[in-house]
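The values are calculated or read from the model by the stated rules, or taken from the named source; none is laboratory data. The shown structure was predicted, so the numbers you read here are calculated from the model rather than taken from an experiment. Glycine gets a Cβ as well: all are built from the backbone with ideal geometry, and neighbour counts include every protein chain shown. Just the protein is used for accessible areas: all its heavy atoms, side chains included, with ligands, DNA and RNA removed. Shrake-Rupley method; radii C 1.70, N 1.55, O 1.52, S 1.80 Å.
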Amino acid sequence: MKVLIAGSGGWGTALAIRLLQNGHKVILWSYCACESEQLAASGQNPFLPGVPLPKELRFTADASEAREQDMVVFATPSFAVRGTAKRFAPFLREDAVLVSVTKGIEETTGFRMSELVAQETGKNVVALSGPSHAEEVSRGIPTGVVAACTDKTLAEKVQAAFMCERLRVYTCPDTVGVELGAAHKNVIALCAGICDGLGYGDNTKALLMTRGLAELARLGIALGASRETFAGLAGVGDLIVTCTSMHSRNRRAGILIGQGVGVQEAMKQVGAVVEGYYAASAAHRLAQKYGVEMPITNAAHEVLYENHDPREAITTLMQRQKTAEAEYAEWAR
């Protein structure tokens, strides 16, 4: 299969390596020609230190190369997905399989990444997501992800293309749940990092992750997702890996914020896109639009956008009105 990956960051490059090892012909596209030339000359991506780029990998900054591709994978940061899809739309083959691997929500509209690609290209799109640090996937660390699409045939094509002994791929019809889990776990990971930066312990992080997952599920169900999805790889799986690993840019940014570094400076020090910052704004808007109670997300929004003190935000969350953990059927009789 001929595959073009649009986006030469760590994740796009890691997937390019896996696809090459599966026997596919892969082109890695960069927004800037200078970046493409640098990758080709150095044989290494600075986001993946110590991982050599395969000699078979081709590099380009020309979107028209998509004309010959069986599959196009969109792997840019969330803010660039719509523009990238629009750039590639005129060159896509009618039968090309489109895949979105970016985790995020468009801040101004609340649209998921596969929705953006679909809107700009007019095609059905598969969302590939799960607990998958690029640093580990590029080194062949065993990893599991989910290929989600309402079209089972498309999901299975993506599963077949990516799956190997080091990358297990499951299929799922719930694109809404998979992509919401992918985006919102970044918000919770930012919060987890803030708790670490404040010096709180494992108890706090477990509380945060569990209740964060609960409010994610509430939002997902309101948007038509299946509750089961949030108990899977794209839900609790991605939440665990992002909240506990120093590979996570969101957690690292949160640690700095908890230590007293300003929000913008924290993201600057991380040195790469902190998706949770943008997802917090989008999720906050969605919660208001659909009338979903999301206290952790609201607190994150206050800290990130309204300059609230993180320690006070946590105290406010802890002192919320008493309630049951869930709507237990036994008590409703």
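At a threshold of 8 angstrom on Cα-Cα distance, excluding pairs fewer than six apart, so keeping six or more, what relative contact order does region 172-328 reach in percent?
31
If I model a spin label at ALA206 and ARG227 as a point 7 Å from the Cα along the Cα→Cβ vector, what separation in nanometres do I get?
Roughly 2.3 nm, to one decimal.
Between ALA280, SER129, GLY144, whose Cα lies farthest towards the positive end of the dipole of the chain when Lys and Arg beta carbons carry +1 and Asp and Glu beta carbons carry -1, centred on the Cα centre?
Projecting each Cα onto the dipole axis, the largest value belongs to GLY144.
Leaving ligands, DNA and RNA out of it, rank PHE230, PHE91 by accessible area with a 1.4 Å probe, largest first.
My answer, sorted largest first, is PHE91, PHE230.
Please work out the average accessible area per residue across the chain, using the 1.4 Å probe convention, and give it in Å².
Per-residue accessible area for the chain comes out at 46 Å².
Tell me what the chain gives for mean residue ellipticity at 222 nm when only DSSP H runs of n ≥ 4 count, each as -39,500 (n - 2.57), the sum divided by the residue total, rounded to 500 deg cm²/dmol.
-15000 deg cm²/dmol
From the C-alpha coordinates alone, can you work out the Kirkwood hydrodynamic radius of region 9-94, in Å?
13.4
Check every DSSP H run in the chain and write down those whose alpha carbon atoms cover 20 angstrom or more along the long axis and whose mean Kyte-Doolittle hydropathy is 0.5 or greater.
Within the chain the helices that satisfy the rule are 175-197.
Go ahead and run the numbers for FRET between ALA326 and ARG139, Cβ-Cβ distance against an R0 of 41 Å, rounding to 0.05.
After rounding to 0.05, the efficiency reads 0.55.
Would you list which aspartates and glutamates come within 18 Å of LYS25, measuring only between C-alpha atoms, while excluding same-chain residues fewer than 8 positions from it?
GLU56, ASP62, GLU65, GLU68, ASP70, ASP95
With each pseudo-label sitting 7 Å past Cα toward Cβ, what's the LYS2-ASP151 distance in nm, one decimal?
Distance between the two pseudo-spin positions: 1.9 nm.
So if R0 is 41 Å, what FRET efficiency would ARG58 and ASN307 give, r being the distance between their Cβ atoms, rounded to the nearest 0.05?
It comes to 0.30.
List every residue whose amide H lies under 5 Å from the amide H of PHE74, counting only residues 5 or more places away in sequence or on a different chain, with H placed 1.01 Å from N in the peptide plane.
ALA6, VAL99, SER100, VAL101
Tell me whether region 46-125 comes out rounded, prolate or oblate; compute the Cα gyration tensor, take square roots of the eigenvalues as a ≥ b ≥ c, and use a/c under 1.5 as the rounded threshold.
It is oblate, given that a/c is not under 1.5 and a/b is not larger than b/c.
Identify the GluC sites (Glu not before Pro) of region 74-144 meeting these criteria: DSSP loop state and at most 15 other C-beta atoms within 10 Å of the C-beta.
Passing both the DSSP loop test and the Cβ count: GLU94.
Treating the beta-carbon of each Lys and Arg as +1 and of each Asp and Glu as -1, no other charges, what is the dipole magnitude of the chain about its Cα centre, to the nearest 20 debye?
240
Going by average Cβ neighbours within 10 Å, how do the peptides 54-62, 234-242 rank, with the highest at the top?
234-242, 54-62
Between THR171 and THR315, what is the spin-label point distance in nm, taking each point 7 Å from the Cα along the Cα→C-beta axis?
For THR171 paired with THR315, the spin-label model returns 5.4 nm.
For the chain, what class follows from the C-alpha gyration tensor (a ≥ b ≥ c being the square roots of its eigenvalues): rounded when a/c is under 1.5, otherwise prolate if a/b is larger than b/c, else oblate?
The shape class here is prolate.
For region 115-160, which trypsin sites (Lys or Arg not before Pro) pass both filters: DSSP loop (anything but H, G, I, E, B) and at most 15 other C-beta atoms within 10 Å?
ARG139
Which shape class, rounded, prolate or oblate, goes with region 144-200 when its Cα gyration tensor gives a ≥ b ≥ c as root eigenvalues, a/c under 1.5 marks rounded, and past that a/b bigger than b/c marks prolate?
oblate
How much of the accessible area of the chain, probe 1.4 Å, is carbon plus sulfur, in whole percent?
That fraction is 51 percent.
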